[in-house]
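Q: Can you keep this structure in mind? I'll have questions shortly.
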Amino acid sequence: MILVCGGLADTVTELVCSRLEACGYAYRLLDQSRFPAGFTVHWEWIGGRARGTINGPGWSLDLDELTGVYARYLPQDTRMPIAGVSEEMWQGIYAEAEAGLVALFDGLPCTVVNRTHGGMSNHSKPFQALVIEECGLKSPETLVTNDPAEAISFFEENKRDVIYKSLSGIRSIVRRISREQQDRFQLLQHGPAQFQRFVPGDNVRVHVVGDRVFPTRVRSEAVDYRYARLEGQECNMSAEVLAPEVEEACIRLARRLDLLFAGIDLKITPDGEVFCFEVNPSPGFTFYELGTGQPISAALADLLHAAPSDLDAANSQRQHAAALSVPGL
């Protein structure tokens, strides 16, 4: 049995549920737009593992039945208001309920896509850049600063061809620094930003699902191809074949971050040089699957359906992550 935690208003969660159904894999949906209303979760830590039940509308699920959990947490502003309580109160209720789920999912022995600690690196792009380099991929020259003078110097050193974006997991539009924006460098004193040398070439989004890799080449003149059509630009996608050493580095990177499912952003220059920008721990992969026909959701469904006995690699991955979190190891 598979548990999906999310909301059907999210197209990614909707596709996962549809694919599980098409594959004939039994699943239950914990509708996070309403949870905890209509659901009860009871579990205890017994014998080194979580044991208990999750009950939903018309169903009851023993935690021992689970082969996999897919968790794609909804933003607070997409949750249903709770009648009779203030907005501040119901947001607090949802936050507490989600914290309980996070603790439970992190303690389950089955496949969990993804455990929360695996996605924590997304809160710091500079940290991710260090891990990316450790795993054998290059990062472009980068500056993180709130010093206008440092930003101006970096801009000049890189021939005035620099992009800027968020340092954290908060979504931002990647933009090239234009002539008009140069006057805004002084605003950096109010908060830092991340600057990178612009890398020419095609973007390649790599979805790593367990030990399977699905690269998608994206051809677009837009700096941030996700918003290409809003800017009147084309965005064309096709399945890509990467060099074996690049595929291996992507798998190594996902495992190093304890992610069974990851979206890795690469760029390949006209000379064939490969750069890696970041790793998304909860990728919105529908855009790429619909654009190329790659069976990403089917691979994810298979991963969630696999019996716990088939998860030796995943267990080793979690043990490795636990060791990395212990001081002195």
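Q: Which residue out of 212, 176 is surrounded by fewer than 19 Cβ atoms within 10 Å (Cβ to Cβ) and modelled with pLDDT of 95 or more?
A: Within the list 212, 176, the selection yields 212.
Q: Identify the residue in the range 105-125 that is surrounded by fewer than 19 Cβ atoms within 10 Å (Cβ to Cβ) and of a type in the set (Ser, Thr, Tyr) and, among all such residues, is farthest from residue 45 (Cα to Cα).
A: Selected residue: 124.
Q: Here's another thing I want to ask about it. Pairs, please: C-beta under 7 Å, at least 6 apart or cross-chain, first residue surrounded by 13 or more Cβ atoms within 10 Å (Cβ to Cβ) and in the range 88-104, second not in a helix (DSSP H, G or I) and not hydrophobic (A, V, I, L, M, F, W, C)?
A: 90/81; 94/79; 97/36; 98/73
Q: Inspect all residues belonging to the range 72-81 and state whether any of them is open to solvent by 60 Å² or more (accessible area, probe 1.4 Å), in a loop (DSSP other than H, G, I, E, B), over 30 Å from residue 274 (Cβ atoms) and among the aromatic types (Phe, Trp, Tyr).
A: Within the range 72-81 (the criterion being open to solvent by 60 Å² or more (accessible area, probe 1.4 Å), in a loop (DSSP other than H, G, I, E, B), over 30 Å from residue 274 (Cβ atoms) and among the aromatic types (Phe, Trp, Tyr)), the answer is yes, since at least one residue qualifies.
Q: Does the range 33-50 hold any residues that are touching a residue at least 24 places away in the same chain (Cβ under 8 Å), of a type outside the set (Ser, Thr, Tyr), open to solvent by less than 40 Å² (accessible area, probe 1.4 Å) and under 18 Å from residue 83 (Cβ atoms), and which are they?
A: 35
Q: Does residue 226 satisfy the criteria of being within 21 Å of the chain's Cα centre (by Cα), surrounded by fewer than 20 Cβ atoms within 10 Å (Cβ to Cβ) and assigned to a helix (DSSP H, G or I)?
A: The answer is yes for residue 226.
The values are calculated or read from the model by the stated rules, or taken from the named source; none is laboratory data. From a predicted model like this one, the values you see are computed outputs, not experimental measurements. Quick reminder, even Gly has a Cβ in these numbers, built from the backbone with ideal geometry, and neighbours come from all protein chains shown. When the accessible area is computed, the model is the full protein with side chains, heavy atoms only, and any ligands, DNA or RNA have been set aside. Shrake-Rupley method; radii C 1.70, N 1.55, O 1.52, S 1.80 Å.
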